[in-house]
1. Take the conditions touching a Gly at 6+ places or on another chain (Cβ under 7 Å) and open to solvent by 40 Å² or more (accessible area, probe 1.4 Å) and apply them to L307. Does it pass?
2. Check S282, S267, S255 and return the single one that is over 21 Å from K63 (Cβ atoms) and either open to solvent by 40 Å² or more (accessible area, probe 1.4 Å) or touching a Phe, Trp or Tyr at 6+ places or on another chain (Cβ under 9 Å) (or both).
3. Check Q295 against each of (1) modelled with pLDDT of 95 or more; (2) among the polar types (S, T, N, Q); (3) open to solvent by 50 Å² or more (accessible area, probe 1.4 Å) and name the one condition it does not meet.
4. Which of the residues belonging to region 191-206 are open to solvent by 10 Å² or more (accessible area, probe 1.4 Å), in contact with a strand residue (DSSP E or B) (Cβ under 9 Å, 6 or more places away or on another chain) and not β-branched (V, I, T)?
5. Among the residues of region 77-99, count how many are under 16 Å from V67 (Cα atoms) and either touching a helix residue (DSSP H, G or I) at 6+ places or on another chain (Cβ under 6 Å) or open to solvent by less than 50 Å² (accessible area, probe 1.4 Å) (or both).
Amino acid sequence: MASEFDLIQRYFRRAHPSAVLGVGDDAALIQPSPGMELAVSADMLVANTHFYPNIDPWLIGWKSLAVNISDMAAMGAQPRWATLAIALPEADEDWISKFAAGFFACATQFDIALIGGDTTRGPLTISVQIMGETPPGASLLRSTARAGDDIWVSGPLGDAALALAAIQGRYPLSDTELAACGKALHQPQPRVALGQALRGLAHSALDISDGLLADLGHILEHSQVGAEVWLKAIPKSEVVSAHSQEAAIQKMILSGGDDYELCFTASTQHRQQIADIGRQLSLDMAVIGRITDTQQLVIHGLDDAPLTLKEHGFDHFS
């Protein structure tokens, strides 16, 4: 059986020119670009909480890095380096090789260097720390939304939640529908280029991980503002649209989570410029509401009547 150090050497050690010293020493050495600020974030994925361990390990590898890259996108940062700490029940080299292939496929697409981490035995748990760069003062924050701002989302919502509901047997989908929705759940696409394009345009931003209303609520709380959101304005895939008259699907759109699209606010005077950016990036972006000075969140249903939801998103301890 391969040792911990054999696994690291075989599957996770790769040279990368952006790191002064990468995997293999007591610590990595990196050289941030002159004059740039460092953005740092970390996420943990736990088996049977964030993913099912019996799905394709390539997809688990991709998602474990992609959800962290999404945090960089939300800040308008360029992701540069990552560390990976993983607990494994056993040294299953077939599983590990596929996981590493998915992780590095994502890393290659977004030009990220894996520079260190840890491997240990235990319940399957994946923890990634990511580091990126932004020009000083250019980061997108949660605390700077302004009354009168448009509220945007960068793409369709609800697919990942619907796919999960189908996998869990809570909502029936055809195999074709599940395949269409499942990609959003298993292989999210971080909106890095959009985040950087929004520097100087967006007043506030974050990525949607726990559900639109829960995550938008963070902007409202930090910025001390309110919002109105129109359900009918939210971009939806063909599958979600086909079922959107049902209350259960509307809840998935608004609070299902795992979307990893950006939610951001910007002045109405930038609406055309932002729409042009969306077209250039081939994103199905839309204005879904506006920021108000009421410090209340009002949700309008498909018939424009106010909706009431008991839960606004995912909470690990609820």
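The values are calculated or read from the model by the stated rules, or taken from the named source; none is laboratory data. Since the model is a prediction, treat every value here as computed from it, not as a measurement. FYI the Cβ positions are ideal-geometry reconstructions off the backbone, even for glycines, and counts take in every protein chain you see. The area values use the complete protein model at the heavy-atom level, side chains included, leaving out ligands, DNA and RNA. Shrake-Rupley method; radii C 1.70, N 1.55, O 1.52, S 1.80 Å.
1. When the stated conditions are applied, L307 passes them.
2. From the options S282, S267, S255, the qualifying one is S282.
3. (1)
4. Across region 191-206, the qualifying residues are R191, Q196, R199, L201, A202, H203.
5. Qualifying residue count for the region: 10.
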